[in-house]
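Down below is the structure, laid out as structure tokens.
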Amino acid sequence: MFKFLYTGIIPSSLEYKQLKLLLQIANTYQIPTLIEIIQQNLASKNIDVNNCLLLLSMENELQYDWIKVRRLAIQIVAENFRYLCHQDEFLNLNYNIIQDILSHSNLQIPNRTMVNMAIHRWLNANIEISPDLSQSITILGHYRHARNRFSPLSSIVCYFADGSTRYTNMTINAINSFLRTIPQIMVGLLIKDNDTRDHVMSCIAKTYHYRILCKHTPKTSHFNDWNPTQYKLDILKFLDHGFDEIYWMDSDTIVYQDLTPYLEEF
């Protein structure tokens with residue numbers, strides 16, 4: 001904000017979350033020129049799988065271009081539902097947007113369970129919603145299943161980053177090789193704390209972030225004595241997301257070719 005006050009320009013490199021925060025500050029201090037520039041900047045950026053969920057939570061910030069942004073973002077979420085329904089930002093969407101996603105003609109899902117579980121997680125995160133609306137969106141989810149197109153099997157391959165320099169760097173290299181080589185399949189990232197999560201994510205190209213689902217490991221071990229198996233048991237945390245297949249991948253495994261056919265055969 002200080003740079004804008006001196007130069008009248010905001011950096012083009014700012015990400016959506018940074019722009020949203022800057023817009024909140026501009027609204028707090030009532031700086032109309034900055035508000036207008038940020039709104040224009042937000043609306044002019046390309047809408048993709050990595051920012052569509054965030055944009056759908058910014059109706060108040062995108063007053064002038066909201067209808068256009070909303071329509072495009074909902075289409076992207078519907079077409080990439082198998083990835084985006086797992087993200088935390090999905091839980092922040094309001095009822096009307098969730099309804100439009102589930103009723104979109106391009107909604108693509110790998111299985112019925114994934115939709116049901118996504119609705120269940122959303123309802124748990126929005127417990128203040130009225131029983132009537134809760135029932136209607138659940139019914140809508142069931143109604144759409146018979147008519148929409150089913151995408152290929154939805155799989156997730158899980159890794160663990162323990163926070164140590166050596167092992168975490170191995171995990172980063174393994175995940176990067178996997179994402180670059182294998183399309184469509186998601187990555188499950190098990191971490192002990194948010195600092196480790198942020199470090200790993202900062203070392204992975206942002207274009208892949210929508211394919212990564214993070215989960216925290218328990219603070220207490222499954223076994224009294226340290227055993228690597230205890231972290232493999234934590235892949236059970238991904239069961240409530242409706243994946244067809246869940247795999248464990250050791251962090252010293254570098255992928256050089258597409259493993260999708262082998263995983264499907266397995």
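Results for (1) modelled with pLDDT of 90 or more; (2) in a loop (DSSP other than H, G, I, E, B); (3) of a type in the set (A, V, I, L, M, F, W, C), shown as yes or no for each residue.
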position	(1), (2), (3)
ASN50	yes, yes, no
SER57	no, yes, no
GLU61	no, yes, no
TYR64	no, yes, no
ILE67	no, no, yes
ARG70	yes, no, no
ILE76	yes, no, yes
ILE98	yes, no, yes
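Those residues that are surrounded by fewer than 21 Cβ atoms within 10 Å (Cβ to Cβ) and not in a helix (DSSP H, G or I), I need them from the stretch 78-92; list them, please.
Passing the criteria: ASN80, GLN87, ASN92.
Which pairs turn up if I take residues in the stretch 154-168 that are among the acidic types (Asp, Glu) and look for partners that are part of a strand (DSSP E or B) and exposed (fewer than 14 other Cβ atoms within 10 Å of the Cβ) with beta carbon separation below 8 Å, at least 6 apart in sequence or on another chain?
That search, which allows pairs on different chains as well, returns nothing.
Restricted to the stretch 105-123, and to residues that are out of contact with any Gly (no Cβ under 7 Å at 6 or more places or on another chain) and surrounded by fewer than 19 Cβ atoms within 10 Å (Cβ to Cβ), which residue is modelled with the lowest pLDDT?
Ranking the qualifying residues of the stretch 105-123, first place goes to ARG112.
Among the residues of the stretch 124-147 satisfying the criterion of being aliphatic (A, V, I, L, M) and not in a helix (DSSP H, G or I), which is modelled with the highest pLDDT?
ILE127
Does any residue in the stretch 235-259 that is under 12 Å from CYS158 (Cβ atoms) come within less than 7 Å, Cβ to Cβ, of a residue that is in a loop (DSSP other than H, G, I, E, B) and at pLDDT 85 or above six or more places away or on a different chain, and which pairs are these?
HIS241/HIS86; PHE243/SER154
Six or more apart or on different chains, Cβ atoms under 8 Å: show the pairs whose first residue is in the stretch 102-120 and under 13 Å from TYR83 (Cα atoms) and whose second is among the aliphatic types (A, V, I, L, M) and in a helix (DSSP H, G or I).
What qualifies is LEU107/ALA78; LEU107/ILE101; GLN108/ALA78; ILE109/VAL115; VAL115/LEU102.
The values are calculated or read from the model by the stated rules, or taken from the named source; none is laboratory data. As the structure is a computational prediction, the values presented were derived from the model and not from experiment. Here Cβ is always computed from backbone atoms with ideal geometry, including for glycine, and neighbour counts include all displayed protein chains.
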